[in-house]
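Step one of this worksheet: look at the structure below.
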Amino acid sequence: MTETASPRALALICSLKPSPAPSSSELLAGQVLEVLGEQGFASEVVRVVDHDVKPGVEVDMGEGDAWPGIREKLVAADVLVVSTPTWVGHMSSVAQRVLERLDGELSETDDSGRPLVTGKVAVVCVVGNEDGAHKISADLFQGLNDIGFTVPAQGATYWNDEAMGGRDYNDLEETPEAVASTTRTLAENAAHLARALKAQPYPGR
């Protein structure tokens, strides 16, 4: 990335629904990207389930694996947005596979022995009809941080329907103010942190 290039964000949508089905996970991630756009970030969205991402913990699992193409977008991005629905109280299986594939980054290091994703910022979006957003965010943050990403202050945004409810985030006529405010704070903090890390990278070994 050149000094004059715009900072970039990549959203990995971990819905179980392939395109073009409406996705609440994509809607919330899109709201994060909208605020990042106000901060000067270019962005791209990948709905992971649309691609044949093989199981494994390497950056390339061989013939037919779509992850290397997605990884190219990740390498070019300064901010990673991982957006997942809640299923049986957990992140989606797609989000879990993303974490497993990101584990391969631990073997991809720079001249100082740091993972190549060191200095990249990661944030999380969670939607669902039951509680579990805090647990899912915690699990994702732990994995992303171990892999080398940096998590900003208030780096998660979420929406849950009432207990036993049947609405999706897509069903709402307008975004609740608490969600909108949290989403904006997340995006602004992520933009600030990404710029700070770009200007003053972590020290090498």
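The values are calculated or read from the model by the stated rules, or taken from the named source; none is laboratory data. For clarity, every value in this text was computed on a predicted model and none was experimentally measured. Backbone-built Cβ (ideal geometry, glycine too); neighbour counts: all protein chains shown. These accessible areas exclude ligands, DNA and RNA; they are computed on the full protein's heavy atoms, side chains included. Shrake-Rupley method; radii C 1.70, N 1.55, O 1.52, S 1.80 Å.
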- Message: Along the Cα→Cβ direction, 7 angstrom out, place labels at ARG205 and ALA21. What is the inter-label distance in nm?
- Response: 4.4 nm
- Query: Running Debye on the chain with equal point scatterers at the Cα sites and no solvent, what base-10 log of I(q)/I(0) appears at q = 0.08, 0.17, 0.18 Å⁻¹?
  - Reply: -0.25, -1.16, -1.30
- Query: Taking N as the number of residues in segment 141-182, what is its alpha-carbon radius of gyration divided by 2.2 N^0.38 Å?
  - Reply: 1.56
- In terms of the alpha carbon gyration tensor, root eigenvalues a ≥ b ≥ c, rounded if a/c is under 1.5 and otherwise prolate when a/b exceeds b/c or oblate, segment 54-95 is oblate
- Message: To the nearest 20 Debye, how big is the dipole of segment 1-132 about its Cα centre, given +1 on the beta carbon of each Lys and Arg and -1 on that of each Asp and Glu?
- Response: 260 debye
- Query: Mind checking the alpha-carbon convex hull of segment 136-205 and giving the volume per residue in Å³?
  - Reply: 110 Å³
- Message: Taking the full set of protein chains and a 1.4 angstrom probe, give the accessible area of MET61 in square angstrom, rounded to the nearest 10.
- Response: 80 Å²
- Proximal lysines to LYS73, defined as alpha-carbon separation beneath 23 angstrom and excluding residues fewer than eight positions away on the same chain: LYS17, LYS54, LYS120, LYS198
- Message: Using a Förster radius of 30 Å, what is the FRET efficiency between LYS135 and ASP111 based on their Cβ-Cβ separation? Nearest 0.05, please.
- Response: 0.20
- Task: Measure nothing fancy, just the Cα-based angle from helix 67-76's long axis to the longest principal axis of the chain, in degrees from 0 to 90, nearest 10.
- Result: 70 degrees
- Projected-area mean, segment 1-94, by convex hull of Cα positions, square nanometres: 7.0 nm²
- Expressed as a whole-number percentage, the relative contact order of segment 47-205 with C-alpha contacts under 8 angstrom and at least six residues apart is 22 percent
- Formal net charge of residues neighbouring GLY104 (Cβ-Cβ distance under 9 Å; K, R +1; D, E -1): -4
- Evaluated at 10 °C with a viscosity of 1.306 mPa s, what Stokes-Einstein diffusion coefficient in µm²/s does segment 90-156 have when Rh comes from the Kirkwood expression over alpha-carbon pairs? 126 µm²/s
- Task: Can you tell me the order of 70-76, 44-50, 12-18 when each peptide is scored by its average per-residue count of other Cβ atoms within 10 angstrom, highest first?
- Result: 12-18, 44-50, 70-76
- On the accessible surface of the chain, probed at 1.4 Å with all protein chains in place, carbon and sulfur together account for a percent value of 50 percent
- Does segment 88-205 come out rounded, prolate or oblate, given a ≥ b ≥ c as the square roots of the eigenvalues of its C-alpha gyration tensor, rounded meaning a/c under 1.5 and, failing that, prolate meaning a/b above b/c? oblate
- Query: Summing -39500 (n - 2.57) over the DSSP H runs of n ≥ 4 in the chain and dividing by its residue number, what mean residue ellipticity at 222 nm do you reach, to the nearest 500 deg cm²/dmol?
  - Reply: -11500 deg cm²/dmol
- Query: So how tilted is helix 177-199 from the main axis of the chain? Cα-based, degrees 0 to 90, rounded to 10.
  - Reply: 0 degrees
- Any chance you could give the angle, 0 to 90 degrees and rounded to 10, that helix 93-102 forms with the longest Cα principal axis of the chain? 10 degrees
- Item | Selection from GLN96, VAL127, LEU106, by position along the positive dipole direction of segment 63-131 (Cβ) | VAL127
- Restricted to the chain, the DSSP antiparallel beta bridge percent, nearest 5, is 10 percent
- Please work out the FRET efficiency for the pair ALA76 and ALA178, using the Cβ-Cβ distance as r and a Förster radius of 41 Å; give the result to the nearest 0.05. 0.80
